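Engineer: Handing you a structure now.
Values in this text are rule-based calculations from the coordinates and carry no lab data. Please read all numbers here as calculations on a predicted model, not as lab measurements. Here Cβ is always computed from backbone atoms with ideal geometry, including for glycine, and neighbour counts include all displayed protein chains.
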Amino acid sequence: MSKTTQQGAVKFLHDQVFITPAWLINEALFAKTGDNALRVVGYVQEKALSKLININTMEKLINAEAALGDSAFTIIEMMDELKAAVWSELNTKAPIDIYRRALQRAYVAKLISVLSPAPAPASVMPASGVPGVPGLTVGINGNDKGEAVAVVKAYLKSLSATIKSIMTGITDARTKIHLEDLVQKIDGALPPAK
């Protein structure tokens with residue numbers, strides 16, 4: 001898939017899903033189904049985030065960059081575009097509405113989950129990489145995703161620093177509580193600086 005197509009897909013998600021999708025909010029329908037706007041919008045936004053913020057997607061972007069160089073849509077480009085889409089209020093210090101707060105909490109939770117995935121069993125593979133070919137065997141841990149984890153750590157550190165730097169300019173109480181909570185979650189998930 002071309003870099004332009006991938007960038008267009010992220011822009012589509014920004015325009016149609018990450019900016020609160022009013023097209024999903026139908027109170028008449030919710031009255032009949034017993035559902036509510038916050039749950040429906042949150043579900044759609046979280047599913048979109050899950051497709052982007054996961055080890056498999058990140059590894060594909062890293063591998064594409066290794067294979068295609070500058071013509072690849074990189075993990076850094078995806079993370080930059082995603083951060084801009086999810087955190088636009090940080091530039092303006094505008095109050096963050098309930099839908100966007102839920103989106104931002106999901107974004108932080110997804111990034112943190114990349115740092116501490118469920119343990120995968122270690123497997124043994126021949127050093128040659130070819131099953132059945134004798135040679136030295138090495139243990140391979142399925143959670144050793146160094147490049148993607150390093151990028152996620154950098155983005156979480158940057159996000160925490162940005163939020164801390166603008167906190168004095170935030171006047172909306174709900175926004176302030178929300179941002180303070182996210183900083184605490186981010187800082188608690190990152191390894192202590194040495």
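Engineer: Give me the distance in nm between label points sitting 7 Å out from Cα along the Cα-to-Cβ direction at E46 and E180, one decimal.
Structural biologist: 2.5
Engineer: Based on the Cα atoms of the chain, what semi-axes does the equivalent ellipsoid have, where each is the square root of 5 times one gyration tensor eigenvalue, given in whole Å with the largest first? Could you put the intermediate results ahead of the total?
Structural biologist: Working: eigenvalues 240, 88, 61 Å².
Square roots of five times the eigenvalues give 35, 21, 17 Å.
Engineer: Separate question: Work out, step by step, the length gained on full extension between N26 and L38: first 0.36 nm times the residue separation, then minus their alpha carbon distance; give nm to one decimal.
Structural biologist: 3.2 nm
Engineer: Moving on. Output ³J(HN,Hα) for the range 154-161: one whole-Hz value per residue in order, computed from phi by the Karplus curve 6.51 cos²θ - 1.76 cosθ + 1.60 with θ = phi - 60°, and x for Gly and Pro.
Structural biologist: Listing the rounded values in order: 4, 5, 5, 4, 5, 4, 4, 5 Hz.
Engineer: Let me ask another. Percent of alpha carbon pairs in the range 1-103 separated by more than 24 Å?
Structural biologist: Distances greater than 24 Å cover 33 percent of the Cα pairs.
Engineer: Can you work out the FRET efficiency for the pair A66 and K153, with r the C-beta to C-beta distance and R0 = 25 Å, to the nearest 0.05?
Structural biologist: Rounded to the nearest 0.05, the efficiency is 0.80.
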